[in-house]
Amino acid sequence: MKNQCCLFFVLAFHGLIAQSEMTVSEVAPGIYVHFGQHQLPDKVNHGAVANIGFIVGDTCVAVIDSGGNPDQGYALKAAIKRITDKPVCYVINTHVHPDHIYGNIAFKEKGVKFIGHKKLARAMSARGNYYIAKAAEQLDLKLTAAHIIPPDRLVKNHLAIDLGGRRLILTAQPTAHSDNDLTVFDKKTDTLWLSDLLFLDHLPVIDGSLKGWLEVMQKLQKQKFTTVIPGHGAVVTDWPNGLTAQKTYLQVLLTEIREMIVKGRFLEEAIEQVGYSEKDKWQLFDQFHKRNVTTAFAELEWE
Amino acid sequence: MNIYLQKITLLLLLISPLLVSAAIDESSWKNAIKKQYYAGKTIQESNDIIEIKAPYRAEAPALVPLKIISKIAQTKNRYIKKIVVFVDKNPFPFVGEFEFTPESGKADLAMRIRVNTYSYVRAIAEMNDGKLYMSKKIVKASGGCSAPLGADLDAAMKRLGQMKFKLGNAVKEGKPAMAQLLISHPNITGMQMDQVTRFIKKSHFVDQLKVTFDDKPVLTAKIDIAISSDPNFRFYFMPKKGGVLKAEFTDVFCETPTSRDVCTKGKSYSSSYMIKP
Ligand SMILES: [Zn+2]
């Protein structure tokens, strides 16, 4: 009980910070990130836990993930205004998870196009009602269908958008962290915004395909980038080294779950036995690991 | 309630969120589910006939491992005829109805279910003499970002209809043997948002499942959207010498996720597994 109280005050303190003026860091020229804290989305932080931000061009601004609640979206909008007087022309949602899309409503106005992976609208449709119920129950947020804003433009494979003297290449990735992961590459600064395809310190969360994710990583690992922005964790400037921890964790899951399946062991046993050698390396391990094993086990049973 | 009691209640509410959360309400069971499925019947709460096992914290709400353990042997004279499972607070609480015979060997069951929120999960056993026994357990579905669907709908869609049997290595004549049946089916809930419905139109799920050994029923089930995508069941059967374990299932399309009034039949699938003597 004592520990829970302390935890509560720590979280409350973070919550207050989130509500005041949003801090953003310029991680590369014209690329600004607000770094989220490694916390479980709850009634204190109201879901504001992910890295979100924006890229400024000569004519307009692209928001990349709008935040974990409408207020965070408005705070991001205010942060953009403090840095540039250029208007927002795009909101890019890197995937369907609430901590990345619940600020969308703050940017819903004429002249702003919402962009997402070709499967994003379907994911929003399938999860929308559930997400709204969970927002009330777990995040203390009163949301309606109007807060689930589907993309105006869907990315099938690649899409180039121009912010004025700055081209962003958006790529629809195969099923990995989720089934609707979209990455953003800024040619000008050689920066890749990976969002939740990369977690640092915060345990990676599988809501798509373990094998798919490892394949996407394999591909990205061979490429060179000056700067890589994860969905949770600090900016990476030594690519591909920043990928190592996540790759190890996912590889351990793959190897150990396959072994369990071959031995005819059940899901419940795998949940208790697989991957615990990784426990001390990650924050939020207790909150997400069992769920990862569950999702991956169900996938690997069918290979 | 007098004022003194009200004050005590208020005090309890204020000081002890733990106590409050432990006392989760059973109104949907009492006011709706029981009336609909067991009107006028007496159900004894007991873990002596069957006991339900599920994790208190459901890590992945789309895929909660649920086990029902039977405490009595299936004999000709006394056996569990049927087990019905409900999740009180799911949009469609009925999970499934599973029929057993003395030939089932053991009326144990394991499956994977969807649990939408903090809720009781309950299993009611009906004996061959008609007596009813209920075991219940609270499950807290956590994790707001993974909805209770499957993670990869397209992968499940591609292999729809495939089935696999897995048998424990100790299949002995005359002893109940465990079998695991894996069915590939997305089991779409149809719980989509009305604003964007062009993607997923209807509930589409496995509704009937029948497992036989040498043409004798082992497990007969009527199931619904609360079964996770890629339905997965473990059950027992009595492997005489050799024989054929056969699974057949059908799926169905329903107009809305919460009513079974307007549904159209889907397809039938079947798969057999030879057990050598
Ligand atoms: Zn995510």
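The values are calculated or read from the model by the stated rules, or taken from the named source; none is laboratory data. Since the structure is predicted, the reported quantities are computational estimates derived from the model, not experimental observations. In this analysis, Cβ positions are derived from the backbone assuming ideal geometry, glycine residues included, and neighbour counts consider all displayed protein chains. The protein model used for the area step is the full one, side chains on, heavy atoms only, and it has no ligands, DNA or RNA in it. Shrake-Rupley method; radii C 1.70, N 1.55, O 1.52, S 1.80 Å.
The sole residue among A:L143, A:L194, A:L182, A:L203 that is away from the ligand (no atom under 16 Å from the Cβ), more than 11 Å from every other protein chain (Cβ to nearest Cβ) and of a type outside the set (S, T, Y) is A:L143. Criterion applied to B:S146, B:S142, B:S119 was being within 11 Å of another protein chain (Cβ to nearest Cβ), touching a Lys or Arg at 6+ places or on another chain (Cβ under 6 Å) and modelled with pLDDT under 95, and the one residue passing it is B:S142. Here is the figure for the range A:239-271: residues that are buried (at least 16 other Cβ atoms within 10 Å of the Cβ), touching a Gly at 6+ places or on another chain (Cβ under 8 Å) and more than 14 Å from every other protein chain (Cβ to nearest Cβ) total 2. Scanning the range B:66-101 for residues that are more than 10 Å from the chain's Cα centre (by Cα) and either within 14 Å of chain A (Cβ to nearest Cβ) or assigned to a strand (DSSP E or B) (or both) yields a count of 10. Just so you know, in the range A:162-174 the residues that are part of a loop (DSSP other than H, G, I, E, B) and open to solvent by less than 20 Å² (accessible area, probe 1.4 Å) include one that is farthest from the ligand (Cβ to nearest atom), and it is A:G164. If we scan the range A:153-161, do we find a residue that is within 16 Å of the ligand (Cβ to nearest atom) and buried (at least 21 other Cβ atoms within 10 Å of the Cβ)? There is no residue in the range A:153-161 that is within 16 Å of the ligand (Cβ to nearest atom) and buried (at least 21 other Cβ atoms within 10 Å of the Cβ).
Among the residues making up the range A:98-140, those that are free of Cβ contacts under 8 Å to residues at least 40 places away in the same chain, open to solvent by less than 20 Å² (accessible area, probe 1.4 Å), away from the ligand (no atom under 15 Å from the Cβ) and of a type outside the set (F, W, Y) are A:V112, A:A121, A:S125, A:A126, A:G128.
Mind checking whether some residue in the range A:220-232 is under 12 Å from the mean Cα position of the chain (by Cα), away from the ligand (no atom under 12 Å from the Cβ) and open to solvent by less than 10 Å² (accessible area, probe 1.4 Å)? Yes: one or more hits.
Can you pull out every residue in the range A:19-50 that is more than 16 Å from the chain's Cα centre (by Cα) and among the hydrophobic types (A, V, I, L, M, F, W, C)? Scanning the range A:19-50 gives A:M22, A:V24, A:V27, A:A28, A:I31, A:V44. Being of a type outside the set (D, E, K, R) and over 22 Å from A:T144 (Cα atoms) is the filter here; which residues of the range A:66-109 pass it? Listed by number, the residues that qualify are A:A78, A:A79, A:I80, A:I83, A:T84, A:P87, A:V88, A:C89, A:Y90.
Pairing each residue of the range A:70-97 that is in a loop (DSSP other than H, G, I, E, B) with any residue that is away from the ligand (no atom under 16 Å from the Cβ), provided the two are 6+ apart or on different chains, yields C-beta distances under 6 Å for A:T84/A:V56; A:K86/A:C60; A:K86/A:V61; A:P87/A:C60. Of all the residues in the range A:250-280, those that are in contact with a Ser or Thr (Cβ under 7 Å, 6 or more places away or on another chain) and of a type in the set (S, T, Y) number 0.
Could you tell me whether A:L192 is at pLDDT 95 or above and not in a helix (DSSP H, G or I)? So A:L192 fits the description; yes. The condition (being away from the ligand (no atom under 16 Å from the Cβ), farther than 18 Å from A:F107 by Cβ and either open to solvent by less than 40 Å² (accessible area, probe 1.4 Å) or free of Cβ contacts under 8 Å to residues at least 24 places away in the same chain (or both)) is satisfied by just one residue among A:V44, A:V49: A:V44.
Each residue in the range A:179-208 was checked for being among the hydroxyl-bearing types (S, T, Y) and open to solvent by 10 Å² or more (accessible area, probe 1.4 Å), and 1 of them qualify.
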